1. Using the Karplus curve 6.51 cos²θ - 1.76 cosθ + 1.60 with θ = phi - 60°, work out ³J(HN,Hα) for each residue of the range 73-86 in order, rounded to whole Hz, and write x for Gly and Pro.
2. For the range 737-857, what is the accessible area per residue in Å², given a 1.4 Å probe and the full set of protein chains?
3. For LYS725, LYS619, what's the largest-to-smallest order of accessible area, 1.4 Å probe?
4. Could you give the accessible area per residue of the range 68-153, probe 1.4 Å, as a whole number in Å²?
5. About the Cα centre of the range 245-297, what is the dipole size in debye to 20, counting +1 per Lys and Arg Cβ and -1 per Asp and Glu Cβ, all else neutral?
6. Amide H to amide H under 5 Å from VAL347: which residues, 5+ apart in sequence or cross-chain, H placed 1.01 Å off N in plane?
7. How would the range 340-429 be classified by its alpha-carbon gyration tensor: rounded, prolate or oblate, with rounded meaning a/c under 1.5 and the a/b versus b/c comparison settling the rest?
8. Could you run the Karplus curve 6.51 cos²θ - 1.76 cosθ + 1.60 with θ = phi - 60° over the range 411-426 and give me ³J(HN,Hα) per residue in whole Hz, x for Gly and Pro?
Amino acid sequence: MPSSAGAAPHTRVVGIGASAGGLPALELFLGHVPPRSGLAYVVVQHLDPTHKALLPELLQRITPMPVHAAEQGMQIEPDCVYVIPPNAELTIADGTLRLAPPAQPRGFRLPVNVLFSSLASAQGERAIAVVLSGMGSDGTLGAQAIKAVGGLTGAQTPDTAQFDSMPRSVIAAGCADVIAPPAELAVRLIACAGVPLTEDTPTPATPATAPGVLEADALQQILTLLHERTRHEFALYKQSTLRRRIERRISIHGLPDYARYAEFLAANPAEIDLLFKELLIGVTSFFRDPAVWQMLREQTLPDLLARSPTEHTLRAWVIGCSTGEEAYSLAMTFSEAKAANPGDPGVTLQIFASDLSPDAIAAARRGSYPLSISSSVSAERLERFFTRHDNGYRVNERIRDMVLFAQHDVILDPPFTRLDLLLCRNLLIYFDPALQRRLIPLFHYSLRPGGVLLLGTSETVGRFSQLFAPIDPKLRLYLRQDTVSIGGPGFLLRAFPPLSSMSKEFSVQPSNPTDPAPDALQTAADELLLQVYSPAAVVVNAEGDIVYISGRTGKYLEPAAGRANWNIHVMAREGLRVPVADALRQAQLQSTPIELPCLSLQSPEGEVLVDVTVQALEKPAPLKSMVMIVFRDVPATAQAQGGAGRTQAAGHTDQAAPPRHYEQEILRLREQARASREELQSTNEELQSTNEELQSTNEELTTSKEEMQSMNEELQTINNELQSKLDDLALAQSDMTNVLNSIEIAILFLDQDLNVRRYTDRAASIINLRESDVGRPLTDLTTSLQYPEMHDDALTTLRTLVPTEKQITANDDQWFSVRIMPYRRLDNVIDGLVITLVDITATKALEAALRKDPDAR
């Protein structure tokens, strides 16, 4: 996405995490990164906090890119490498590096997770994470965060890692897009990222992004494959979202276009599952948009509590709950609101949280979250609602019991109903407008009168203002309106089966509302009569699945907990379930209606009596083989009669339920009890087996801990030995320097490339040398010697291994005997040259004097 005018784009960053065995992997990875990739590379490795790190110097040897030790506020530049310093946590914000003291004690620090999490927040889908060799699982949670926002992740092939725990953990979590050895990993990730990679520079068009007829056909084939395998219809998602996520998978596999990817999908069902996970948006957090939760706690939930009768259960539905943070946030907010309003102790909240992803639902049920949630959850809430464990926090059981998680497709499956609160935040933005226009009325149907709808900050109810009145438009809080219809009694029949079968919507000219046609008046009148005066009724098929609802049936039917089930046998309230089941069986054998008078049931309004009529349908043709069930409340006058009337009604009920029915019910209950006992016994055996496995695992972990402790002691011993050797080497170096400087002979050591390796102080006075000249070529040095052939003589000696000796004068009339000899190591390998310069000025002066005065001999 282009940046706003005048705003500097942030460089795309590759976060690299490593630990034990990470240096060789880092060298291979960075050694295969082109120097002009346009990316910045931030390296985080587990370092000893008490020792200075040499990692920047070591990495600079293998890459032409500048390598910097990270500093607070340092601007991130492309084609640079930044390395974390010891005893610090490194994060990224606003295109700069941020350093902070570690939040956890030594041994519990996870600096790779910290970097990756900040990278996910700062760069979103532009973030790239790489996990290399290391022990433990640091980096997994951060990689999951980057994966959730649509970023790119890679892991080293475990077989190529010296320590495979870190990359193996990322792979096991299912959040590694690219798995390869370090060298190949660098090439593939850069290819997936594309060039150029700054936000204000457009990416060159590729076959995968160029729209056309062939691409549209291939895209439809991809969506068909997804639907056949997952049962979910992605055709109703926004095209931009679909294309961006599909193109990401195309680039990961290095395919040229949609057609080739469609062929790849057809041949690899596992890739369909990966694409399905890719298309599911899993971005969530605790108490996202704090102002919304403050409004719920201080006004919305207290209002619902005030309107609720004693011992009442409020019902809420969180759609697209992902890994559960939002559902648990609602449960915590309700607990806080209830504590602030102690006058309603008997009112509880049942939260139904649904999502399409089974993996997300499984994670939500566990209720375990990383330590990083402390940034969005206050310390008071952490103390009150969470339990701290080694690697994070877990939601308390009391809060977990308030939430029922279920895998549910809001597009395909029947909705939860009789709701007081419905949360659908940041989900509609991924659907096309046609689907949005079908879901808003569905939300209206699901809510009770006075129910509250909460949408995301970028979502509204659109043109359905007649269904919902804004409570706070800025926070997207809406109140259900009760004086309007959502489409007549056929609404649910048109909505289910799936909304994905919707016909294409065409825009039409609005009719004149002041001149209604006679047919429209009749239709409206019929609809009003059906809504107001007709009894509640449902139509079910042969299996008992409800296919049509007329009127309000909430008094008689109730959705069961768990996965949404649209079956009369499951939804019928206690008192109706058994008589209705028997009547359905009888109705299929006769054509006359079956009357069930004065059935007693418990509804939200208390105990009521209801007459039920069950009628098999033969006409019209679409309803053939279906059964209609009609519910009629017994008039209040009949219910208000004395005990004799109630006894008579009970007698009628008994007549309608012969003893055979009760015998069958007893047999059925006994069978259920027997099955339950067997299941409990099986579960108990499984728990015992699991307990034994856990004990065995605990023993293995104890052994591993002891082995690790032993290994640590060995490593500490080796480290002490190496330190002792380093001390000895330093002492020998000091002795050698003193010996060389104590003799009045200038000595210059050169390597095989004739670069300066070492020199004595006497040599520095003849040849202009200083400490920074170590490593410089001999030809770059200036000297007072009148010896231009020195370099050629040195090459000759190095080639022939024959020493060279000459007497050379200097600019100050001094004379030196210059001797060039091969440098021979102890293993008899020639590794450079040694040049000695002996001052023979006095000898030359004596020689000159003798020549002038021969008699002086």
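The values are calculated or read from the model by the stated rules, or taken from the named source; none is laboratory data. All values derive from a computational prediction rather than experimental measurement. Heads up, the Cβs are rebuilt from the backbone with ideal geometry, glycines too, and the neighbour counts pull from every protein chain shown. These accessible areas exclude ligands, DNA and RNA; they are computed on the full protein's heavy atoms, side chains included. Shrake-Rupley method; radii C 1.70, N 1.55, O 1.52, S 1.80 Å.
1. For the range 73-86, the Karplus-derived couplings read x, 5, 6, 7, 10, x, 6, 9, 10, 10, 10, 5, x, x Hz, x marking Gly and Pro.
2. Working: 7420 Å² over 121 residues.
On a per-residue basis, 61 Å².
3. Working: LYS725 125, LYS619 175 Å².
Descending accessible area places them as LYS619, LYS725.
4. Numbers: 3120 Å² over 86 residues.
Heavy-atom accessible area per residue stands at 36 Å².
5. Numbers: 7 positive and 7 negative charges, 60 e Å.
So the dipole magnitude of the range 245-297 works out to roughly 280 debye.
6. Hits under the 5 Å cutoff: GLU311, HIS312.
7. Details: a/c = 2.03, a/b = 1.23, b/c = 1.64.
Because a/c hits 1.5 or more and a/b fails to exceed b/c, the range 340-429 counts as oblate.
8. 7, 9, 8, x, x, 6, 10, 6, 9, 9, 8, 10, 10, 9, 9, 6
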